[in-house]
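Rule-based calculations on the coordinates, nothing more; no lab input. On a predicted model such as this, the values are computed, not experimentally measured, just so you know. Please note: Cβ atoms are built from the backbone with ideal geometry, for glycine as well, and neighbour counts cover all protein chains shown.
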Amino acid sequence: MGIGNWSLGFLIFFNLSIFKSLNLIIFMQKLLLHVCCAPCSIVIIDELKDKYDLTAYFYNPNIYPESEYLKRKAEVVKVCKEWNIPMVDADYETEKWNNYVEGLENEPEGGKRCTKCFAMRLNKAGEYAKNKGFDIFATSLTSGRNKKADVIHPLAQDIAKKFGLKFLDIDWKQGGRQEKGRKMVADRKIYRQDYCGCRYSVKNDQAPMSNAQ
């Protein structure tokens, strides 16, 4: 084959590859992933990024104090930048969250306060997904070892139905994802928190339990 024919063949192959890539992107379903933190989300983002037109959605007004919120958000930004995944930085509506769970302050971890917290965050994600034309939404919440899929999934499915969406109901703790995620976090030196997030889950020796945010 002459140089001219080789060049033409390469250009055709190159252009076809671009066309296939663009075609794949065009026909990928748009998925909004509500992310709670980088350690819980990294393995999910890695798994979904080549299957969907993926966007991460950071809405976690429960996180206390604000310095902790900013630290966790920065790690999510770092993960999204690695794979060029768009990230929506939603508002830190901490007072709204405090009012939403008022009266449930003494509930144990995993109790009614947590269920309301899940519902608030998932509803916000579902509303955004609906307004921005997403097909599917999902959440990283079930990655947490104490976050039960049989509590979170029914909430999310009801929200999906309300907004005319599909919900990707995968329990992210399963399938070896926790082990893989821990390795990915360690390899990248990602900050891993040691409490769930809200002022009621924080240990006494980690942050002041005051009313200030």
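Rounded if a/c is under 1.5, else prolate if a/b beats b/c, else oblate: with a ≥ b ≥ c from the C-alpha gyration tensor eigenvalues square-rooted, which is segment 29-188? Rounded is the answer for segment 29-188, as its axis ratio a/c remains below 1.5. Dividing the mean sequence gap of close Cα pairs (under 8 Å, 6+ apart) by how many residues segment 29-188 holds gives a relative contact order of 30 percent.
Annotation: amide H of residue 88 within the under-5 Å range of 56, 57, 58, sequence separation 5 or more or interchain, hydrogens built in the peptide plane. Neighbour counts of C-beta atoms inside 10 Å place 32, 155, 70 in the sequence 70, 155, 32, starting with the fewest.
Under 18 Å of direct C-alpha separation, and excluding same-chain neighbours fewer than eight residues apart, residue 96 reaches these lysines: 112, 116, 124. For residue 173, the aspartates and glutamates whose Cα falls under 16 Å of its own Cα, not counting residues fewer than eight places away in the same chain, are 46, 47, 150.
Full extension of the segment from residue 182 to residue 145, taken as 0.36 nm per residue of separation minus the current Cα-Cα distance, would add 12.1 nm. Summing +1 for each Lys or Arg and -1 for each Asp or Glu among the other residues whose beta-carbon sits under 13 angstrom from that of residue 137 gives +3. Summarising the amide proton neighbourhood of residue 199: residues at separation of 5 or more, or on other chains, whose placed amide H is nearer than 5 Å comprise 64.
Excluding residue 30 itself, what net charge comes from residues whose Cβ is under 14 Å from its Cβ, given Lys and Arg +1 and Asp and Glu -1?
My count for the surroundings of residue 30 gives +3.
Charge tally around residue 93: other residues with Cβ under 15 Å, Lys/Arg +1 each, Asp/Glu -1 each, net 0.
Computed extension length for residue 189-residue 96: 30.2 nm, one decimal, from 0.36 nm per residue of separation with the Cα-Cα distance subtracted.
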